[in-house]
1. Pick from region 204-239 the residues that are surrounded by 15 or more Cβ atoms within 10 Å (Cβ to Cβ) and touching an Asp or Glu at 6+ places or on another chain (Cβ under 7 Å): which of them is nearest to Thr142 (Cα to Cα)?
2. Among the listed residues Thr146, Thr142, which satisfies the condition of being touching a residue at least 40 places away in the same chain (Cβ under 8 Å), surrounded by 23 or more Cβ atoms within 10 Å (Cβ to Cβ) and in contact with a strand residue (DSSP E or B) (Cβ under 7 Å, 6 or more places away or on another chain)?
3. What are the residues in region 229-239 that are among the small types (Gly, Ala, Ser) and assigned to a helix (DSSP H, G or I), if any?
4. Any residue in region 113-134 that's over 19 Å from Tyr8 (Cβ atoms) and touching a residue at least 40 places away in the same chain (Cβ under 8 Å): show its pairings with residues that are among the β-branched types (Val, Ile, Thr) and more than 9 Å from the ligand (Cβ to nearest atom) at Cβ separation under 6 Å, as long as the two are six or more apart or on different chains.
5. Tell me which of these Thr142 doesn't satisfy, since it passes every other one: (1) away from the ligand (no atom under 15 Å from the Cβ); (2) under 23 Å from Asp16 (Cα atoms); (3) β-branched (Val, Ile, Thr).
6. Can you report the number of residues in region 187-228 which are of a type outside the set (A, V, I, L, M, F, W, C) and in a strand (DSSP E or B)?
7. What do you reckon, is Ala110 of a type in the set (A, V, I, L, M, F, W, C), surrounded by fewer than 23 Cβ atoms within 10 Å (Cβ to Cβ) and over 30 Å from Asp184 (Cβ atoms)?
8. In region 13-36, what count of residues is obtained for those that are within 29 Å of Pro223 (Cα to Cα) and either among the hydroxyl-bearing types (Ser, Thr, Tyr) or in contact with an Asp or Glu (Cβ under 6 Å, 6 or more places away or on another chain) (or both)?
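Please treat every number below as a calculation from the coordinates, not as lab data. As the structure is a computational prediction, the values presented were derived from the model and not from experiment. When we count neighbours, we look across all protein chains shown, and the Cβ atoms used for this are built from the backbone with ideal geometry, even at glycine.
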Amino acid sequence: MSTTTGTYGYGPDFYDDEQVFPRYQEARAATDEGNATLEEPHVTEFAGDLRGRSVLDLGCGDGRFGASALAAGARRYHGVDGSARMLALAATRLDPGTLEKADLTTWKSAEPGVWDVVTARMVVHYLDDLPALLGEVRRCLTPGGTLVISVEHPVVTCAYDGDWHDGVPSEMRVRNYFDEGPRDCEWLGASVRKVHRTLETYVGALAGAGLPLTGLSEGRPRPENFRDPRTGTARRAVPTYLVLQARKPTA
Ligand SMILES: C[S@@+](CC[C@H](N)C(=O)[O-])C[C@H]1O[C@@H](n2cnc3c(N)ncnc32)[C@H](O)[C@@H]1O
């Protein structure tokens, strides 16, 4: 019997669900939580030194990355997201004038060519048309600018029917890896549609958009990022994040 409170095809509607939103915040606050331990360290490394940089953050969520980018010396930050609840929380951390509510499936930048760093953390797997977004990202970036994308690892986006315990999958079955496209996933008490893509599709989409790959991480656990070393060891079982870095050519 399903216990979900809603079924969402549009990612922001999922995050705006009144039960999902607090559960998501609670999950992000947990000790040794996945984003903080496995994804963020690689994103931070790929984004590089942000001092004096302009940062555009697609799918900015609750603005926590914006706050840390500005604390790291970024000259300017702009965040885009479709969720009203996420943006309301982001506005408590950031100047509301730097936040934009938009659907990234149709979003166009008002300021092309000015962003040194574009990040899209854990959002692209909610979007059907990756080439369209990457085309817009290329238009946004300065020549030589950096794109950092993080997504749920392709092994995970085709294996939602396993059980997860403390962030570690058990009984996880990879299913039809090469059948790409949307799959419904039960998470945080609701059902949300996520788009499964293979690793080669992600890398090929970057090349196709004129944004050659310059870095790739599968979120390898680093012991120093875990308070409880047992969690770090358990996280070695299955890769849960994929982080990609690409650069816009200078000419
Ligand atoms: C997992 S959260 C990640 C938030 C943030 N990037 C972070 O890493 O903390 C995914 C975010 O993507 C946003 N999102 C999903 N689909 C979107 C769409 N089509 N347009 C705009 N935002 C979208 C959601 O509203 C949510 O805030």
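1. The extreme case among them is Gly219.
2. On the way: Thr142 fails: surrounded by 23 or more Cβ atoms within 10 Å (Cβ to Cβ).
Of Thr146, Thr142, the one residue that is touching a residue at least 40 places away in the same chain (Cβ under 8 Å), surrounded by 23 or more Cβ atoms within 10 Å (Cβ to Cβ) and in contact with a strand residue (DSSP E or B) (Cβ under 7 Å, 6 or more places away or on another chain) is Thr146.
3. Taking region 229-239 as the starting set, the residues that turn out to be among the small types (Gly, Ala, Ser) are 232, 234, 237.
Residues satisfying the conditions are Gly232, Ala234.
4. From residues that are over 19 Å from Tyr8 (Cβ atoms) and touching a residue at least 40 places away in the same chain (Cβ under 8 Å), the pairs are Asp116/Thr142; Val117/Val55; Val117/Thr146; Val118/Val137; Thr119/Val148; Ala120/Ile149.
5. Among (1) away from the ligand (no atom under 15 Å from the Cβ); (2) under 23 Å from Asp16 (Cα atoms); (3) β-branched (Val, Ile, Thr), Thr142 violates only (2).
6. As a first pass, look at region 187-228 and keep what is of a type outside the set (A, V, I, L, M, F, W, C): 189, 191, 193-194, 196-198, 200-202, 204, 208, 210, 212, 214-215, 217-225, 227-228.
Then keep just the ones that are in a strand (DSSP E or B); that gives 191, 193-194, 196, 214-215, 217.
So the answer is 7.
7. Numbers: of a type in the set (A, V, I, L, M, F, W, C): yes; surrounded by fewer than 23 Cβ atoms within 10 Å (Cβ to Cβ): yes; over 30 Å from Asp184 (Cβ atoms): yes.
Here the answer is yes, as Ala110 does meet what is asked.
8. 3
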